[in-house]
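Each reported figure results from applying straightforward, stated rules to the coordinates on display, with no laboratory input. The structure presented is a predicted model; accordingly, all values stated were derived computationally and were not measured. Every residue, glycine as well, gets a Cβ built from its backbone with ideal geometry; the counts of neighbours run over all protein chains shown.
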Ligand SMILES: Cc1cc2nc3c(=O)[nH]c(=O)nc-3n(C[C@H](O)[C@H](O)[C@H](O)COP(=O)(O)OP(=O)(O)OC[C@H]3O[C@@H](n4cnc5c(N)ncnc54)[C@H](O)[C@@H]3O)c2cc1C
């Protein structure tokens with residue numbers, strides 16, 4: 001097993017193919033995280049954004065109070081074949097009128113590339129309306145400006161890069177960890193699963 005750090009460019013490339021993430025926000029030292037669908041876009045200025053659709057609820061109330069958010073995205077093919085991204089960003093609601101009108105249109109355009117993009121956000125509204133006092137339906141288009149993105153990718157170690165036995169024995173590490181490293185490097189060298 002070999003874990004590699006991804007460059008910003010590799011992270012943005014991976015985001016272009018992703019649709020599902022976990023959006024974390026926080027209020028009064030209490031974190032809150034929910035799954036969301038998003039669409040990724042990169043502006044000409046090289047600023048990058050995630051666009052999403054939702055309705056009023058806990059996360060929108062919390063993000064209005066504190067727009068600093070974190071999004072996690074991952075793709076897991078096997079226990080030793082995965083990729084994960086962590087994004088630090090700022091939440092911003094897009095208003096249909098005024099100087100945000102173009103961005104509001106852009107959000108709809110990008111989200112529409114996925115069929116039934118509106119469903120999770122709207123379904124939550126309908127579910128709540130059945131138990132709470134009915135509230136006006138308030139569709140919210142938003143974007144998250146990506147300030148920082150980091151990525152880790154895990155795959156098999158290329159045999160040429162597997163640490164050899166001498167290198168491992170020279171490491172000042174506990175016995176069980178040394179044995180584990182040996183096993184992993186032998187498997188990689190022999191290309192065993
Ligand atoms: C695959 C997937 C994709 C989704 N995509 C979107 C999307 O693009 N847009 C969108 O608006 N919503 C999406 N949802 C639903 C989303 O995860 C939230 O449930 C929803 O947005 C409501 O969040 P809220 O903070 O407004 O909840 P509220 O209704 O205000 O939450 C009230 C309470 O309900 C609980 N709760 C809320 N959401 C969840 C949850 N998902 N799981 C368990 N408990 C919960 C929490 O305890 C919370 O305190 C998606 C869900 C899934 C599974």
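Some notes on this structure:
- Mean projected area of the convex hull spanned by the Cα atoms of the range 36-137, taken over all viewing directions: 9.0 nm².
- Here the label points at residue 147 and residue 61, each 7 Å from Cα along the C-beta direction, are separated by 2.5 nm in the simple model.
- With Cα atoms defining each centre, the range 76-131 and the range 1-18 are spaced 21 Å apart in the structure.
- Residue 128-residue 8 FRET efficiency (beta carbon distance; Förster radius 35 Å; 0.05 resolution): 0.40
- Ranked from largest, the principal axis spans of the Cα set of the range 1-95 equal 41, 33, 20 Å.
- Relative contact order, percent, the range 1-100 [alpha-carbon distance under 8 Å, six or more residues apart]: 23
- Annotation: peptides 49-56, 34-41, 91-98, ranked by per-residue average of other Cβ atoms within 10 Å with the highest first, follow the order 49-56, 34-41, 91-98.
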